[in-house]
Amino acid sequence: MTPHLLIDAIVRQTTVLIAQLATTAGVRAPLAHVAADVFVSLVEELKDQGLGSKVIADMFGLALRTYHNRVRRYSESATDRGVSLWEAVLRFVRERNVVTRAEVLRRFHADDQSTVRAVLKDLVDTGLLFRAGRADRTTFRAAKPDEVAVADDGQEAAAQFVRVLLHQQGPLAPKEISSQLGLKLEVVEQALERLQQEDQVQRVAASDAVELAYQASECVISYEDERGWEAALFDHYQAMVTAIAAKVRSGASKAGRDDATGGSTYHFDLFPGHAAEQEILSLLSETRARASALRQRLEQARDQGQEEAPGGRTYRVVFYAGQHVIRAEDEGDEDGGKDDA
């Protein structure tokens, strides 16, 4: 096993996904909250998609000069080798919790002092640090997890993400939801109130019997529902990643024919009019129909009290399916014909 190659490949594919989401439908999403260790890779991917520095700077909400300065700031620290200056300064403040500007400048004496000051300002602007005082008496405090908000706290999207998380990991208390999703506590509370009114989540007693928790016994996002596509994508992506992580944790180095946890990928090379074309293209819709029918059958049996778990012991099976059709640039190319599995 070569974990470094695998990690590098997965990071790159994740970066491609982030770049695609950031430019979907021509939207230039704000990216100021992206961590420094992702910043450079994301810039490179955006450039590969044909975007210029000015457009990328706009997407991060930066002036062009500031953008170029930030790229330089994310280079390796001269004081702490192996990490970016941005990451090193953030880690130093988090370890101390509260520090003065003078302490930071002394700690990173080998780095350009104006650049260190710019990094501190950048961390404050992105909400990862809080600043108080002036001049030499300026102090910096690291933001707590529940103080770091995502860039878009839209109520509809927030409610859908809360719903998916509660279905996956509930019951959870509001503070736990806030921490895991990076949403402000008041945004989570508003989302929970909204979801309760729509009968999408249920309130239950938390294990410590002190704070109320919430769960979502069901989470079905219909095909035509435009409100929940972000949450549906998140649900699918997390299901896939969780399955892969579970497989890695198991220590298995190969797949078994009867595995209950894992995944398979099949590639089929076709041409228009191929004898198996419709059969293969319908794999996704047929799998969706079969899975939906199974879910409905289990829900009906549960609602009618026909099946109850012995001793109340249950477990969950998370099944995910995806399909991607790659069209050849030349639609008349019929060289392909073999079915690869």
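Rule-based calculations on the coordinates, nothing more; no lab input. Treat the numbers as computed from the prediction; the structure is a model and nothing was measured. When we count neighbours, we look across all protein chains shown, and the Cβ atoms used for this are built from the backbone with ideal geometry, even at glycine.
Summary of values
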read-out: Enclosed volume per residue, in Å³, of the convex hull spanned by Cα atoms of the stretch 231-312; value: 189
read-out: Cβ-Cβ FRET estimate between ILE280 and VAL124, R0 fixed at 41 Å, reported to 0.05; value: 0.15
read-out: Cleavage-rule hits (trypsin sites (Lys or Arg not before Pro)) in the stretch 250-315: DSSP loop, at most 16 neighbouring Cβ within 10 angstrom; value: LYS254, ARG257, ARG313
read-out: Within the stretch 269-327: Cβ-based charge dipole about Cα centre, in debye rounded to nearest 20 (Lys, Arg +1; Asp, Glu -1); value: 240
read-out: Listed residue pairs exceeding 26 Å between alpha carbons, taken from LYS54/LYS121; LYS47/LYS247; LYS121/LYS184; value: LYS47/LYS247
read-out: Of SER264, ALA289, ALA232, farthest towards positive along the dipole that unit charges on Lys, Arg, Asp, Glu beta carbons give the stretch 231-312; value: SER264
read-out: Packing-based ranking, highest mean first, of 134-140, 261-267 given that Cβ atoms within 10 Å are counted; value: 134-140, 261-267
